[in-house]
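The values are calculated or read from the model by the stated rules, or taken from the named source; none is laboratory data. Being a predicted model, the structure only gives us computed values, none of them experimental. Note: ideal-geometry Cβ built from the backbone for every residue, glycine included; neighbour counts use all protein chains shown. Heads up: the accessible areas ignore ligands, DNA and RNA and are worked out on the full protein's heavy atoms, side chains in. Shrake-Rupley method; radii C 1.70, N 1.55, O 1.52, S 1.80 Å.
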Amino acid sequence: MRSKYAIMLAPILLIVMLLSAGCKKELEPIESEPDELKPQVNFTIIPATEKDPFTFSFKGGAINYKDVIWSFGDGSNAFGVDVTHTFKSPGVFKIMMKAQNSLGYWAQQEAKITIKAEDILDFSVKPQPDGTIKLEPELVADVEEFSWYYGENVNGALIGSAPITTIPELKDVIFTYVTMKIKTKEGAAASISKIVTNKGSLIDITSNGIELTVSKEGNGGTTGAEGSLKLVDGLSSTKMFVNSGYTNAYWAQQEILTPTVVNGYIIISANDVQDRDPKDWDFLGSHDGVTWVKLDSRANYLSPLRFETRLFLFDNTVAYRYYRLNVKAVKGGTTMQMAEWRLMYTK
Ligand SMILES: [Ca+2]
């Protein structure tokens with residue numbers, strides 16, 4: 001019996017190290033070998049079906065145990081070796097299987113499940129000939145309930161609950177957020193939001209990998225607290241600030257690694273001093289960074305609002321590699337600032 005225990009100890013210790021989990025119960029030092037062999041566990045995760053992306057089967061392997069408890073990282077538990085669980089929302093969940101014998105010895109294994117809303121649901125934005133905008137789900141999951149909202153989440157005004165829905169042409173605003181929420185037969189819910197325009201949904205290209213160059217660097221240099229990279233960092237709370245010597249001849253340029261059709265851009269005003277805002281500018285495209293085509297032009301475009309997101313759309317069907325914002329005048333003075341400048345296209 002002694003030799004058998006010694007033989008069994010080696011693999012058990014290995015499992016303890018691998019799983020950081022096996023353990024003997026505390027406060028009760030065991031002088032002699034246990035009467036019962038220590039538990040071992042392992043499990044595999046099997047997604048239910050593509051139509052039900054929230055449900056998983058957990059096939060456990062356990063020996064030398066009395067009880068098995070699972071925790072799914074969403075506040076719920078289950079008992080038994082083989083279990084099935086439906087998560088109620090997207091998220092990152094830590095799964096843990098723990099087996100315990102009658103002496104209090106236990107072993108456990110952990111794993112992680114990630115459920116992303118964007119992998120499960122999407123919707124298309126289709127402008128109609130009469131100006132209205134059709135919203136149509138594109139789904140992987142079987143869905144029982146739909147709801148559509150204005151805004152970046154489900155707290156906005158309810159648009160409707162039909163699978164395919166239509167909103168009026170945008171007249172007072174150039175863009176609006178729309179959120180689609182779905183609920184599955186198993187009771188799981190998820191939502192996804194898009195920026196909607198009269199030309200389709202708005203896609204931000206700036207985050208896809210661009211190289212920024214500027215004719216005059218911002219405060220503190222490229223990576224400074226108010227340097228040029230703050231123009232494209234995705235944060236309206238940070239700004240590029242040319243703190244002296246703005247001479248009505250500033251440009252910023254984005255090189256897109258894969259030439260892409262751009263038919264819009266966003267400028268977000270900075271936190272303070274409206275005089276520093278661009279007032280007159282051109283937006284240009286180029287294949288080679290040498291010869292430029294003017295795609296959009298704005299004059300006397302001013303807003304007293306701070307941190308304001310302004311979207312400018314224009315017609316373009318050519319995929320350029322370079323896009324440039326050529327600021328020809330600020331509201332006043334010799335300094336200039338912008339919180340963000342982002343390239344967009346609609347689809
Ligand atoms: Ca910024």
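Using a Förster radius of 35 Å, what is the FRET efficiency between GLU138 and THR334 based on their Cβ-Cβ separation? Nearest 0.05, please.
Efficiency for this residue pair is about 0.10.
Can you work out the PRE-style zone for LEU158? Point 7 Å along Cα to Cβ, and I want the residues of the range 136-151 with backbone N under 16 Å.
145-151
Label GLU211 and LYS88 with points 7 Å out from Cα along Cα→Cβ: what is the distance between them in nm?
My value for the distance between the label points is 5.0 nm.
Starting from 0.36 nm per residue, how many nanometres of slack lie between ASN248 and LYS294 once their C-alpha separation is accounted for? Display every interim value, and only then the final one.
Numbers: separation 46, 0.36 × 46 = 16.56 nm, distance 1.76 nm.
Here the answer is 14.8 nm.
Using the per-residue mean of other Cβ atoms lying within 10 Å as a proxy for protection, in what order, highest first, do the peptides 259-271, 45-57 fall? All intermediate terms of the calculation are to be shown ahead of the outcome.
On the way: 259-271: 20.2, 45-57: 15.2.
The peptides rank, most packed first, as 259-271, 45-57.
Just to check I understand the Karplus step: with θ = phi - 60° and J = 6.51 cos²θ - 1.76 cosθ + 1.60, what whole-Hz values come out for the range 324-330, glycine and proline as x?
9, 9, 9, 7, 9, 7, 9
From the phi angles alone, apply the Karplus equation (6.51, -1.76, 1.60; θ = phi - 60°) to the range 66-80 and give each ³J(HN,Hα) in whole Hz, x where the residue is Gly or Pro.
Ordered by residue, 3J(HN,Hα) equals 10, 10, 10, 10, 10, 10, 10, x, 10, x, 10, 10, 8, 10, x Hz.
Note down the nm distance, to one decimal, between modelled labels 7 Å out along Cα→Cβ at ILE174 and at THR258.
2.6 nm
What is the distance in Å between the Cα centres of the range 262-338 and the range 57-105?
55 Å
Could you size up the charge dipole of the chain around its Cα centre, putting +1 on the beta carbon of Lys and Arg and -1 on that of Asp and Glu, and report it in debye to the nearest 20?
Details: 36 positive and 41 negative charges, 71 e Å.
Dipole of the chain, to the nearest 20 debye: 340 debye.
Can you give me the long-range amide H partners of VAL83? Hydrogens built in the peptide plane at 1.01 Å from N, cutoff under 5 Å, separation of 5 or more residues or another chain.
PHE58, GLY60
What is the calculated FRET efficiency for GLU118 to ARG321, with r their C-beta to C-beta distance and R₀ = 30 Å, to the nearest 0.05? Could you put the intermediate results ahead of the total?
Numbers: r = 27 Å, r/R0 = 0.91.
So the FRET efficiency works out to roughly 0.65.
Carbon and sulfur together cover what percent of the accessible area of the chain at a 1.4 Å probe radius? Walk me through the numbers before you get to the answer.
Working: 8990 of 17430 Å².
It is 52 percent, rounded to a whole number.
Using the per-residue mean of other Cβ atoms lying within 10 Å as a proxy for protection, in what order, highest first, do the peptides 306-318, 92-104 fall?
Values: 306-318: 14.1, 92-104: 17.7.
Ranking, from highest mean packing down: 92-104, 306-318.
Amide H of GLU340 versus every other amide H placed in the peptide plane: which residues, excluding those fewer than 5 positions away on the same chain, fall under 5 Å?
The list, which skips near neighbours in sequence, is ILE268.
Rounded to the nearest whole Å², what accessible area per residue is found for the range 170-211 with the 1.4 Å probe? Could the numbers behind the result be given before it?
Working: 1880 Å² over 42 residues.
Per-residue accessible area for the range 170-211 comes out at 45 Å².
Whole-Hz ³J(HN,Hα) for each residue in the range 163-178, computed from phi via Karplus 6.51 cos²θ - 1.76 cosθ + 1.60 with θ = phi - 60°, x for glycine and proline: what do you get?
x, 9, 9, 10, 10, x, 4, 7, 10, 8, 10, 8, 8, 8, 8, 10
Taking 0.36 nm per intervening residue step and subtracting the Cα-Cα distance, what contour gain separates THR222 from ALA78 on full extension? Don't skip to the answer; put the middle values down first.
Details: separation 144, 0.36 × 144 = 51.84 nm, distance 5.36 nm.
So the chain would gain 46.5 nm between THR222 and ALA78.
At q = 0.15 Å⁻¹, what log₁₀ I(q)/I(0) does the chain have when each alpha carbon counts as one equal point scatterer in the Debye sum?
These q points yield log10 I(q)/I(0) values of -1.16.
Around ILE256, under 9 Å between beta carbons, what's the net of Lys plus Arg minus Asp minus Glu among the other residues? Don't jump to the answer; show the numbers that get you there.
Numbers: positive: ARG321; negative: GLU211, GLU255.
It works out to a net charge of -1.
Would you calculate, for the chain, the mean residue ellipticity at 222 nm contributed by helices, counting each DSSP H stretch of 4 or more residues as -39,500 (n - 2.57) and dividing by all residues, to the nearest 500?
Values: 2 runs with 22 residues, N = 347.
When only DSSP H runs of four or more count, the value is -2000 deg cm²/dmol.
Once Lys and Arg get +1 and Asp and Glu get -1 on their Cβ, which of ALA319, VAL92, SER161 lies farthest toward the positive end of the dipole of the chain?
ALA319
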